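The values are calculated or read from the model by the stated rules, or taken from the named source; none is laboratory data. Note that the structure is a prediction, hence the values are computed from the model and not measured. All Cβ positions, glycine included, derive from the backbone under ideal geometry; neighbour counts span all protein chains shown. Each accessible area value is taken on the protein alone, full model and side chains, heavy atoms only, with ligands, DNA and RNA left out. Shrake-Rupley method; radii C 1.70, N 1.55, O 1.52, S 1.80 Å.
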Amino acid sequence: MATPPADLEILRELEKKVLWLASWTIHHANHLRESADGLKVGGHQASSASLATIMTALYFRALRPQDRVAVKPHASPIFHAIQYLLGRQSRQKLEDFRGYKGAQSYPSRTKDSDDVDFSTGSVGLGVAQTLFSSLVQDYVRAHGWGLERPQARMIALVGDAELDEGNIFEAILEGWKQGLRNCWWIIDYNRQSLDAVVREGLWARFEALFRAFGWDVVILKYGSLLEAAFREPGGEKLRAWIDNCPNQLYSALVFRGGAAWRKRLLDEIGDQGPVMRLIEARSDEELARLMTNLAGHDLPSLIEAFGRVDHDRPICFICYTIKGYGLPFAGHKDNHAGLMTPAQMEALRQGMNIRPGHEWDPFEGLGIEPAKLQEFLAHAPFATGDRAQKAARLPISAELGGPTQPVVSTQAGFGALLNELGRGKSEIADRIVTTSPDVTVSTNLGPWVNRRGLFARENMADIFKSERIPSTFNWDFSPKGQHIELGIAEMNLFILLSALGLSHAINGERLIPIGTLYDPFIQRGLDALNYACYQDARFILVATPAGITLSPEGGAHQSIATPLIGIGQDGLASFEPAFVDELAVILAFAFDYIQRDGEGESSERNWLRDETGGSVYLRLSTRPIEQIKRAMTPELRQAVVDGAYWLRRPGPNCQVIVAYAGAVAPEAIQAVGLMAEDRRDVGLLAITSADRLNAGWTAAQRARERGLVHARSHIERLLAEVPSHCGIVTVLDGHPATLAWLGAVHGHCTRPLGVEHFGQTGSIPDLYRHYGIDANAIVAAAAALTPGRPIRHLKALP
Ligand SMILES: Cc1ncc(C[n+]2csc(CCOP(=O)(O)OP(=O)(O)O)c2C)c(N)n1
Ligand SMILES: [Mg+2]
């Protein structure tokens, strides 16, 4: 569909305006706004200019309201400028760019107010997010939800150096397996990274790679001016020269300008007949304009390419651009952190016909009447529909599961709870979608998958089943399946969870995503997990087995630091239950918690910001543990969710308490039993969430500092019962720092036990003894901590 010349004229004016506003925003942040710290804002100006034309073509022409875009981090000023022109960004936020509560340095779903679809910042992640969001859209539609809404294209604006990130390749492979559609990746092929100019011929590797995985590849190299020149006499010679021009030389000439182009071209091909006339017919300025007329800066080429797409296969557009195009440092290899000087900015201002004092006026200096521009913007396809999506919260029952076996692990308990949910009929069960990077069976999702099936857009039967070969697992794929099986790539797991966990906001359909993996491999995908939390995706992460307790599986798979990740990761409430009745309570809580979106007021009861909700991390174990026969009272349920309860309440003459978390519960119980013969009133504190205890404690202290003198957190109330001379021994299968802070709550002397080194294989008793977290070690720590006669049962430690 050809673009009417009048529209093209308007789009050209808007392109100029977008570049101006983005440049002015950056300049304002650096030179005009009072900066208390004197820090300069680099990294945006050149990188933004690269994408000004592509984003103009997209937002004002090609995008439809339902389309979703991940904008490369450093193009954020262009994004904010476009939103400003569309009336969705305030001038104040632009003026405060990168400042307190101003427009964000990198587009942010949670911190920006101007309609960001996907956050970006850590390069590679936003790109993969668009791919997984396409898969999630297909999942939602295959289940019959949201069919009344038009299908979105999930689009990423990708830096060429961004493609060095390995997670992108993991995602491409997974996308191929899952039949990816409706996904566009637009590569800003400016041949520059942060430090330097990229390798020659990179585009050819990209092209081959994308084609190998079933993508359509569209290469947008030369703009309409250059294409026209190539058709002139001598044009073929010019094309051959530019095709063979090394990236570095091309960039250098872009930077140096018209006279340098002329000299170089005349030196190298000036004697080759008509091409000389082609060069000589142009002034220096015209020659520079011609030679930099790459398709990524050519509106007609871009509009035509985007408009021509007539299929839903994934597409990679390789768009040739110039980093810093239209600005004085265009092409310079050091331009990433480059900033325009006030004099350069002044020249740009004059060139754009902008009067001093009118720099923020949306239509200042343009050659078209404001009313016409306003009208055009209001009718841009992107602006004509409602983009916001919302989904109601799903009802959940507080009770989960049935009777458990007398001796069982939390991992087996988790499998049984999900199996039970899968067996029943409930809205929540229908909205659960599980996923795992090739550890579905070994994390106990098997029974659930047997009931609910695997997801694929096309039916695929389990041949083992049809061939009547006995197998515990039914591996049938169908569009109604509720488990997405991933290859072994933990980055993909987290980015898929991020996409599933935003379905309510992106697709208007709520999902309850549950991802499983081995606990140590959280660290493999940690940046993606952090990214998912940063953009407020909602999911439940089940990490199992964990710690050294997986002992016979080998030292390589032991995790030590993950409980600290659980405490430190914002947006993620982490739990490490020991018993399955606790797990059932926590899972029911998690189903609700991941759906909350209230304001961040802390509850007086625990001082946690529970109304805002978040994601949940469950650190589970394969160790079968004798279960406690007890009724789940409302008080106990609340305490489990808040993070701790007394398994044995300390008496008034108590000298020591043991506080444990997770799989070491039997050791803690045994140690308390041994000590009870020589120490009176020993207390035993069961901790289900060090994270929530810690968060509540911190928040309550803050509240008191603000004058709310009666604020008390859950852990403060629990430990208030413990006499001040009493010692605390803490123990978990994880880093001892996880619980070491308990001593600071009321000043109790504390000895934290845990695991600081790893790698040894053996049985659980071997390893608990080796690492000093068995009953003996707990008793020895208690004996050393508290006065009194020796504890008789203390055996010699090896
Ligand atoms: C994971 C990660 N590593 C490093 C960075 C720092 N960084 C920001 S942009 C960039 C390279 C940019 O090159 P490219 O993607 O080609 O974009 P351009 O600047 O050319 O527009 C780097 C290394 C980052 N943001 N994220
Ligand atoms: Mg680049």
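Remarks
- Atom-type composition of the exposed protein surface of the chain places 52 percent of the accessible area on carbon and sulfur (1.4 angstrom probe).
- Within the stretch 301-372: Cβ-based charge dipole about Cα centre, in debye rounded to nearest 20 (Lys, Arg +1; Asp, Glu -1): 200
- Nearest-20 debye value, the stretch 176-269 charge dipole, Cβ charges on Lys, Arg, Asp, Glu: 100
- Amide H partners (placed H, <5 Å) of VAL731, local residues excluded: ALA659, TYR660, ALA661, LEU753
- Projecting the Cα atoms of PRO395, ALA412, PHE473 onto the charge dipole of the stretch 382-475, computed from C-beta unit charges around the Cα centre, puts PRO395 farthest toward the positive end.
- For VAL158, residues with placed amide H under 5 Å, excluding near neighbours: ILE186, ILE187, ASP188
- Once the Cα-Cα distance is subtracted from the 0.36 nm per residue extended length, the THR612 to GLU236 segment shows a gain of 129.1 nm.
- In order along the stretch 248-254, phi translates into HN-Hα couplings of 5, 5, 4, 4, 4, 5, 4 Hz, rounded to whole numbers, per the Karplus curve 6.51 cos²θ - 1.76 cosθ + 1.60 with θ = phi - 60° and x for Gly and Pro.
- Only protein heavy atoms count here; under a 1.4 Å probe, ASP216 has an accessible surface of about 40 Å².
- Cβ-Cβ distance of ARG630 and ILE469, R₀ of 35 Å, FRET efficiency by 1/(1 + (r/R0)^6): the value works out to about 0.20.
- Taking amide hydrogens as placed 1.01 Å from N in the peptide plane, the amide H of ILE219 sits under 5 Å from those of ILE318, each at least 5 positions away in sequence or on another chain.
- Ordering ILE522, ALA744, ILE488 by Cα displacement along the dipole of the chain toward the positive end leaves ALA744 in first place; charges were set at the Cβ atoms of Lys, Arg (+1) and Asp, Glu (-1).
- Magnitude of the charge dipole, the chain, Cβ model with Lys/Arg +1 and Asp/Glu -1, debye to 20: 900
- Per residue, the solvent-accessible area of the stretch 432-573 (1.4 Å probe, heavy atoms of protein chains only, all protein chains present) comes to 33 Å².
- Cα radius of gyration and Dmax for the stretch 309-445 (Å): 29.3, 80
- Note that the stretch 481-574, at 25 °C in a medium of 0.890 mPa s, gets a Stokes-Einstein diffusion coefficient of 178 µm²/s from its Kirkwood radius over C-alpha pairs.
- Nearest-0.05 FRET efficiency for GLU599 and SER397, computed from C-beta distance (R0 25 Å): 0.45
- Taking every DSSP helix (H) stretch of at least 4 residues in the chain, weighting each as -39,500 (n - 2.57) and dividing the sum by the residue count yields a mean residue ellipticity at 222 nm of -11500 deg cm²/dmol.
- Accessible area (Å², 1.4 Å probe, nearest 10) - CYS183: 0
- Efficiency of FRET from Cβ geometry, THR110 and ARG702, R₀ 25 Å, rounded to 0.05: 0.75
- Sequentially through the stretch 446-457, phi angles give Karplus couplings (6.51, -1.76, 1.60; θ = phi - 60°) of x, x, 5, 5, 4, 7, 9, x, 8, 8, 7, 5 Hz, Gly and Pro residues having no value and appearing as x.
- Given 13 as the ceiling on other Cβ atoms within 10 Å, longest exposed-site-free region of the chain for GluC sites (Glu not before Pro) in DSSP loops: 201-398
- The length gained on full extension between CYS749 and SER724, counted as 0.36 nm times the residue separation minus their Cα-Cα distance, comes to 8.1 nm.
- Model label zone, HIS770; criterion: amide N under 20 Å from point 7 Å along Cα-to-beta-carbon; scope the stretch 539-562: 545-562
- Karplus-derived 3J(HN,Hα) values for the stretch 255-271, using 6.51 cos²θ - 1.76 cosθ + 1.60 with θ = phi - 60°, are 5, 7, x, x, 5, 5, 4, 4, 4, 4, 5, 5, 4, 8, 10, x, 8 Hz; glycine and proline are entered as x.
- Of the trypsin sites (Lys or Arg not before Pro) in the stretch 56-131, the ones in a loop by DSSP (not H, G, I, E or B) with at most 11 other beta carbons within 10 Å are LYS101.
- Looking at the stretch 645-774 alone, DSSP beta bridges between its own residues are antiparallel in about 15 percent of cases.
- The three principal axes of the C-alpha atoms in the chain carry coordinate ranges of 103, 70, 50 Å, sorted with the longest axis first.
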